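Structure first, then comments.
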There are 6 protein chains.
Amino acid sequence: MSTVKMVEYNEASDEVRAVYDEIMQAKGIDFIPNFWKTVATHPPMLKQLWSEIQLVMADGALDPLIKEMIAIAVSASNGCDYCINSHTAAAIKKGMTPEMHGELMAVVGFFNKTNKLSDGYQVEPDVKPNID
Amino acid sequence: MSTVKMVEYNEASDEVRAVYDEIMQAKGIDFIPNFWKTVATHPPMLKQLWSEIQLVMADGALDPLIKEMIAIAVSASNGCDYCINSHTAAAIKKGMTPEMHGELMAVVGFFNKTNKLSDGYQVEPDVKPNID
Amino acid sequence: MSTVKMVEYNEASDEVRAVYDEIMQAKGIDFIPNFWKTVATHPPMLKQLWSEIQLVMADGALDPLIKEMIAIAVSASNGCDYCINSHTAAAIKKGMTPEMHGELMAVVGFFNKTNKLSDGYQVEPDVKPNID
Amino acid sequence: MSTVKMVEYNEASDEVRAVYDEIMQAKGIDFIPNFWKTVATHPPMLKQLWSEIQLVMADGALDPLIKEMIAIAVSASNGCDYCINSHTAAAIKKGMTPEMHGELMAVVGFFNKTNKLSDGYQVEPDVKPNID
Amino acid sequence: MSTVKMVEYNEASDEVRAVYDEIMQAKGIDFIPNFWKTVATHPPMLKQLWSEIQLVMADGALDPLIKEMIAIAVSASNGCDYCINSHTAAAIKKGMTPEMHGELMAVVGFFNKTNKLSDGYQVEPDVKPNID
Amino acid sequence: MSTVKMVEYNEASDEVRAVYDEIMQAKGIDFIPNFWKTVATHPPMLKQLWSEIQLVMADGALDPLIKEMIAIAVSASNGCDYCINSHTAAAIKKGMTPEMHGELMAVVGFFNKTNKLSDGYQVEPDVKPNID
């Protein structure tokens, strides 16, 4: 259970409610997810996060499904329960098939292993991007 | 510097050298990266890792460039110096443009933030995949 | 549920009970929190931890509320459910207002993001403390 | 060394240079730190980060020195080399004494330990904020 | 609850069921643990993991109980709920006494603390293995 | 390079020098490792850490070599450069063979992978220690 009292729609200030309306419209849902009702306890953070998520998740050089799968990779590496659930749900909605999900997790698992082996043996970087 | 004495090609056993030859051929390179020369100090691990990386990185439901970018996402979240360097180099080789790199990092940064906010407020999962 | 059978007050050895009494008195509570009942399964650890927490949380160059908020920052970065709950409760008891809580979390979230960006781009340290 | 070619001031676009000028003015410095020259490779991220850091680090319910020490706590918990250096330097500039630094690190160390003990024994949360 | 629909024994393909049979026989149990029923949603991963766990957990230079305790140390450091539970159960089955468990956790806690202090102060490595 | 000016033996207070003498005697070395010279900038932490390390690393239900290998497992999982170097050196001094080192790392790598898969799929714990 959240460590703060979440801000429900009908108790929200006009400022918060305006963001809530945008969230529901953008996501095509008729409720406010717990994450947003929680960060709304600090309105400047609610507004900042909502503005940033629209920027970073927009269709661009990477499409939104790829971005959602990267969110799963990050959340799995960090072990964030809320985020793993919500990003897996979102990725499926955007078209992630079971095969894609399986391959994603195999990649996430493998590189979490090699990350710790590289660190654990203090392997010195030798393969680097050529940045000149 | 590695915490073990890396296994150089000309000092390697036949078993290790056979894997080294496969690595150079598969990657189209003429040297053995430090990571592989390090894990070769424990030959069963060298063989296991080389077998697994071919499995998980193969072209499938996700293409190899996407998998390489997921490797960057994982490695950045874990702060693995060797891995960030080598996967960034590999992703560029496979076609990652500066725009794709920038968007990838913006997504990685954002979700590392929201992961910690979700955990830090103990937000209860409410948006979940429908698995039935 | 704990992976060990917690040590209840009325089943505790004299040695453990003496620490329990100090904990209840110091915290002004009439029960032993689960954390302490769990580490009491290894009495040398119980005594070590109780001694150390009094040392590190004492009023000093930093006041106890600041220290409690640093505990929240650490616990959120690590995603420790027990710790986030208990330190948030303790910080509120010591005077953390909702505004302070919101600003704390905004800072924690932001630097978790920039930490991963700095690592993820392998940015070389250039701004360092002058230690001479 | 950074995995991207950093954007130097005299090679920067007008858009990037405008942010660089603000950074130097706000920080009272006459160079652009590596972190900012690195994220400038993706201008929307540069602008987003600069806007957000001003928001979260502003004097408010918590003062800037406390916020800088929280940044150290987060960066130490994540092991981010760049960030630990830059935030330690910034905190000293804002008035962190050696005594404050020592106490901060003692708190950071202690709670990283208890976080792992709480998780490692799967201690069930019982001390929680009263959010009603 | 798992983010995928777990593969139950009586719904499993022949390929998956063959691994399930080996797991039950090797572990001397008559059910399939949730971890294996989950990764079975991606059969190549199920087979890869089952093959690897037999390799890495085999009696060798380190005995299986020590390996199980190392698994607890890793899982506690990562805060993985499933893994802490299952490896603690397995270690007890293999002979871990309460004293061994207590000492293990004290070591895990201590080095999680010193890890963060070493990083948090950016201590330069001076004690290194002599690898020549 | 450390973010604080390390305390050299000949500049140390009597209180710090007394601990330094104990460290050198206990470890059979004639210099003070950087870690200890760094934490000595906050003498209460130096004394606390030196007291605790003697407690947790003492020969007991687990022998010192096993404890040193657990320290490597923790440090590799956290990616702590200083700690990986110093604990690998210490474990070799205490008798860790290359075979033991290889098996240790294979176990550490594997469980870092399965930790992230368990979290990443939100697998519900079903195999738990029987604590009654």
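Read-outs: derived from the displayed coordinates by stated rules, not from any lab. Note that this is a predicted model, so its numbers are computed, not measured. In this analysis, Cβ positions are derived from the backbone assuming ideal geometry, glycine residues included, and neighbour counts consider all displayed protein chains.
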Check: chain F dipole with +1 on Lys, Arg Cβ and -1 on Asp, Glu Cβ, in debye:
260 debye
Selection from C:28, C:45, C:105 lying farthest towards where the dipole of the stretch C:6-132 points positive, charges on Cβ
C:105
Rounded to whole angstrom, the alpha-carbon centroid of the stretch F:6-75 lies from that of the stretch D:21-69 at a distance of 38 Å
Cβ-defined net charge surrounding residue D:37, 13 Å radius [Lys, Arg +1; Asp, Glu -1]
-2
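Give me the inter-chain shielding for D:89-101: mean count of other chain Cβ atoms within 10 Å, whole number please.
Shielding by partners across D:89-101 averages 4.
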Would you work out the charge dipole size for the stretch F:28-93 about its Cα centre, treating the Cβ of every Lys and Arg as +1 and the Cβ of every Asp and Glu as -1, and quote it to the nearest 20 debye?
140 debye
Find out how many positive minus negative residues lie around residue E:15, taking Lys and Arg as positive, Asp and Glu as negative, among other residues whose Cβ is under 14 Å from that of residue E:15.
-2
Packing-based exposure ordering (other Cβ within 10 Å, fewest first) of A:69, E:100
E:100, A:69
Cut-off 16 Å (backbone N to label point 7 Å along Cα→Cβ of residue F:11), residues of the stretch F:31-55
F:32-43
Averaged over residues of D:24-33, the number of beta carbons from other chains lying within 10 Å of each residue's Cβ is 1
Just flag the GluC sites (Glu not before Pro) in the stretch C:1-41 sitting in loop per DSSP whose Cβ has no more than 15 other Cβ atoms within 10 Å.
C:8
Spatially proximal aspartates and glutamates relative to residue B:67 (Cα-Cα < 15 Å; intrachain offsets below 8 disregarded)
A:63, A:68, A:99, A:103, B:52, B:59
Local electrostatic count at residue E:91 - Lys and Arg +1, Asp and Glu -1, tallied over other residues with Cβ under 11 Å
+2
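Calculate for chain F the 222 nm mean residue ellipticity that helices alone would give, adding -39,500 (n - 2.57) per DSSP H run of length 4 or more and normalising by residue count, nearest 500 deg cm²/dmol. Each step should come with its number before you reach the end.
Details: 6 runs with 86 residues, N = 132.
The helix-only estimate for chain F comes to -21000 deg cm²/dmol at 222 nm.
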Charge dipole magnitude, Cβ of K and R +1, D and E -1 - the protein assembly as shown, Cα centre, debye nearest 20:
0 debye
